[in-house]
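Below is one structure, written out as structure tokens; the observations come after it.
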Amino acid sequence: MNDTHKQLHATTEAPNGKPDDKPSNKPAVRKAAKPKPVRWKKWLIIAGIGAAALALAAVMLQPSVIDVQLAQATQGPLSEAVEAQGQTRAKLRYTVAASISGRLLRTSIGVGDRIERGDVLAQIAPPPTDARSLATARAELAAAQARQRQAHAVLAEATSGARLASTEAARRSELFRMGMVSVESRDAYAQTAQAAADRVASAEASLVAAGAEVQSARSRLLGAGTAGGDAGAIMVRAPVSGHVLKVIEESERVVQAGSPLFELSQGEALELVVDVLTQDAVQVQAGQPIDITGWGGPRALVGKVRYVEPGAFTKVSALGVQEQRVNVIGDLDAAPPTLGAGYRIEAAIVTWSGNQVLQIPTGALFRRASAWQTFAVEEGRARLRRLEVGHRNAEFAEVTAGIQAGESVVVFPSDLVADGVRVRDGSARHSIQGMQF
């Protein structure tokens, strides 16, 4: 029996693993290999187990109670203010200008000097003239003096004629009373006497005009022919008593009439000039109080808004941004003697104030979901609260809804604080630890 015949009569195994006695007429079939399992499922399971382990570790490492800084919602006074920098300046300022054109002589008055009304601040000498102008001025003076002498002679003649006419009129009046002259003769002499008196008045007026012409001609000769002297100088006097704020012209030079020479302050009164943003200025009104700090003294000063200038101006900030600002002018109450004009100050203009205002620290507020919220403490746990906030300043904010007086809030909450987390006031605990050595 060959090999082929042996394979046809070979025994086969039954499904139970035992050999099958019956021969199979079917050809032998090779079984296919099973597919291997996909490995990414195994790595996904491993990653999920790792994430769960990390989350469990984070929960286990998180403290059961978080130390926070707490503050209570209280009722008390609260104010809202516009804060800005400004400076002081003299309240009553005067600018002294040159009364004539001429050569300003060097002055000895300095900034800060105390002056009284009528004190000489400077002298202005008329400028020197050339030879032609000098000759013309002298000729005009001689002509004016001649006209003055002529007016004197005319006045003397008119006075003499008036005296004679008055005597004749009186004589004719007496003769008319005695019946020796007619009424026409009396009236004619009376009219002659009146005309002579009018000629005296006219001669007197001509003499006054001639004297004025002489003074005018002499004034044109003031300083004429001088190169550096102060002959005929005009005195510039102080109009008020006070202090010299600024000396505009210190050196000797030729100035024109109306040129400013000095800036003076009357008395010791000061005012405040505070430039604020235009969007803040709309809240400022006359009469609002001003708290002044940063002026160098140990205490804060008090002032009051007098008015807001109607026109704004453009100012470039320290960051290079153009800002529209406007000056707020205020009065300073009881200014200390060490505070002068032009001193820098920090002003807080109080635009609103209240007495019994429910308030919490601004550090307890934060924005979430387009609303103001805070963490209030209920039975030792932080609870997220939505609030309605009104007026506020740099330290406290008014709460109109969402919290009651006496409740505690978390100030400057960290990322560990969430809704429902147990918290405790850690300020006292930290202070005790700080005392340990």
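The values are calculated or read from the model by the stated rules, or taken from the named source; none is laboratory data. For clarity, every value in this text was computed on a predicted model and none was experimentally measured. When we count neighbours, we look across all protein chains shown, and the Cβ atoms used for this are built from the backbone with ideal geometry, even at glycine. These area figures cover heavy atoms from the full protein model, side chains too; ligands, DNA and RNA do not enter into them. Shrake-Rupley method; radii C 1.70, N 1.55, O 1.52, S 1.80 Å.
A few notes on this one:
- Partner aspartates and glutamates whose Cα lies under 19 Å from the Cα of K91, excluding those fewer than 8 positions away in the same chain, are identified as D113, E116, E263, E268, E271, D275, D291, E309, D331, D333, E346.
- Highest average first, the peptides 323-332, 282-291 ordered by how many other beta carbon atoms sit within 10 Å of their residues are 323-332, 282-291.
- Multiplying the residue separation of W352 and V111 by 0.36 nm and removing their Cα-Cα distance gives an extension gain of 82.7 nm.
- Share of carbon and sulfur in the accessible area of region 111-166 stands at 54%, probe radius 1.4 Å.
- Rg and Dmax, both from the Cα atoms of region 293-437 and both in Å, are 21.7, 63.
- If R0 is 30 Å, the Cβ-Cβ spacing of R367 and R306 corresponds to a FRET efficiency of close to 0.20.
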